[in-house]
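The values are calculated or read from the model by the stated rules, or taken from the named source; none is laboratory data. Remember, predicted model here, so these are calculated numbers, not experimental data. Here the Cβ positions follow ideal geometry from the backbone for every residue, glycine too, while neighbour counts run over all protein chains shown.
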Amino acid sequence: MVINNIFRGRNQGITVIAFLLLMTLGSCAQNNQKEVNISDSGMKVTERIFKSEEEWKKLLTPEQYTVLRQKGTERPYTGLYDQHFVKGAYFCAGCGLELFDSDSKFDAGCGWPSFNTPAEKGHIDEHADRSYGMVRTEVVCSRCGGHLGHVFNDGPPPTGLRYCINSASLIFRSEEEVKREKLRSNDSIPNPGG
Ligand code: FE
């Protein structure tokens, strides 16, 4: 009986250690995980990017980190791209994925860059956001999960949507730069971040 209990205790101990080991291995693997994700449209395949907070801090400026990784909001009328109307494309400042074309940009007068449609539907994910006593739809980069801003139903045709985006989440490339770098909608700009 005593021996049985000792064995049972030992077996349980081994089980617990094995479980902890698997959990540790799992979390290590997740830091470097790249997962293939088929987007809503079913047409685009986006590779997801996972980085540790320390890696993001090294890659991004403090302002980009606050907005992209901590869901911060830049002060209205202060962002680099609020009154920026040049032909080209806007890419994620975290991972370089193309998010918006300049053709979809309009002046909503709200103090933040506004777009009525994403460059590719599958490049942006939406989440319900109930913070600050409001019900809003948060938009994030589908590849790195970086916070971009919110989408509202008061935009102009053809979509009637207003993607209200922080400048700090974006990096702009002019039409000439996009052509020179031969960027297509599923490509990334090299070395995004700060
Ligand atoms: Fe991204």
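Quick one: in the range 132-148, which of the residues that are free of Cβ contacts under 8 Å to residues at least 40 places away in the same chain and closer than 18 Å to T66 by Cβ is surrounded by the fewest Cβ atoms within 10 Å (Cβ to Cβ)?
Here is the first cut: in the range 132-148, the ones free of Cβ contacts under 8 Å to residues at least 40 places away in the same chain are 132-137, 139-140.
Of the ones still in play, those that are also closer than 18 Å to T66 by Cβ are 132, 139-140.
Values: Y132: 7, V139: 23, V140: 20.
So, considering only residues that are free of Cβ contacts under 8 Å to residues at least 40 places away in the same chain and closer than 18 Å to T66 by Cβ, the one surrounded by the fewest Cβ atoms within 10 Å (Cβ to Cβ) is Y132.
Which of the residues belonging to the range 155-186 are in a loop (DSSP other than H, G, I, E, B) and over 29 Å from R75 (Cα atoms)?
Looking only at the range 155-186, we keep the residues that are in a loop (DSSP other than H, G, I, E, B), and these are 155-161, 166, 181-186.
The answer is E181, K182, L183, R184, S185, N186.
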Within the range 115-155, the residues that are away from the ligand (no atom under 14 Å from the Cβ), more than 18 Å from A89 (Cβ to Cβ) and out of contact with any strand residue (DSSP E or B) (no Cβ under 6 Å at 6 or more places or on another chain) are A128, R130, S131, Y132, G133, M134, V135, N153
Flag if G94 is small (G, A, S), in the same structural domain as N166 (by TED's automatic domain parsing), in a helix (DSSP H, G or I) and within 16 Å of the ligand (Cβ to nearest atom) | no
The range 99-111, subset more than 10 Å from the ligand (Cβ to nearest atom) and in a strand (DSSP E or B), residue farthest from the chain's Cα centre (by Cα) | F106
Test result for G72, assigned by TED's automatic domain parsing to the domain that holds W56, assigned to a loop (DSSP other than H, G, I, E, B) and surrounded by 22 or more Cβ atoms within 10 Å (Cβ to Cβ) | no
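In the range 37-59, is there at least one residue being in a loop (DSSP other than H, G, I, E, B), modelled with pLDDT under 50 and within 16 Å of V140 (Cα to Cα)?
Step one: list which residues in the range 37-59 are in a loop (DSSP other than H, G, I, E, B), which gives 39-44, 50-52.
With modelled with pLDDT under 50 added as a condition, the list becomes 39-43.
Going one step further and asking which of them are within 16 Å of V140 (Cα to Cα), we end up with 39-40.
Checking the range 37-59: at least one residue is in a loop (DSSP other than H, G, I, E, B), modelled with pLDDT under 50 and within 16 Å of V140 (Cα to Cα).
State yes or no: is F172 touching a residue at least 12 places away in the same chain (Cβ under 8 Å), under 23 Å from L60 (Cβ atoms), among the aromatic types (F, W, Y) and touching a helix residue (DSSP H, G or I) at 6+ places or on another chain (Cβ under 7 Å)?
Values: touching a residue at least 12 places away in the same chain (Cβ under 8 Å): yes; under 23 Å from L60 (Cβ atoms): yes; among the aromatic types (F, W, Y): yes; touching a helix residue (DSSP H, G or I) at 6+ places or on another chain (Cβ under 7 Å): no.
Taking the combined requirement at face value, the residue does not satisfy it.
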Note: among S114, S104, S174, just one is among the small types (G, A, S), crowded, with 17+ Cβ neighbours inside 10 Å and touching a Gly at 6+ places or on another chain (Cβ under 9 Å), namely S114
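Can you confirm whether the range 74-86 contains a residue that is over 20 Å from S114 (Cβ atoms) and either away from the ligand (no atom under 14 Å from the Cβ) or of a type outside the set (S, T, Y) (or both)? Before the answer, list the steps.
Step one: of the range 74-86, the residues over 20 Å from S114 (Cβ atoms) are none.
No, because not a single residue in the range 74-86 is over 20 Å from S114 (Cβ atoms) and either away from the ligand (no atom under 14 Å from the Cβ) or of a type outside the set (S, T, Y) (or both).
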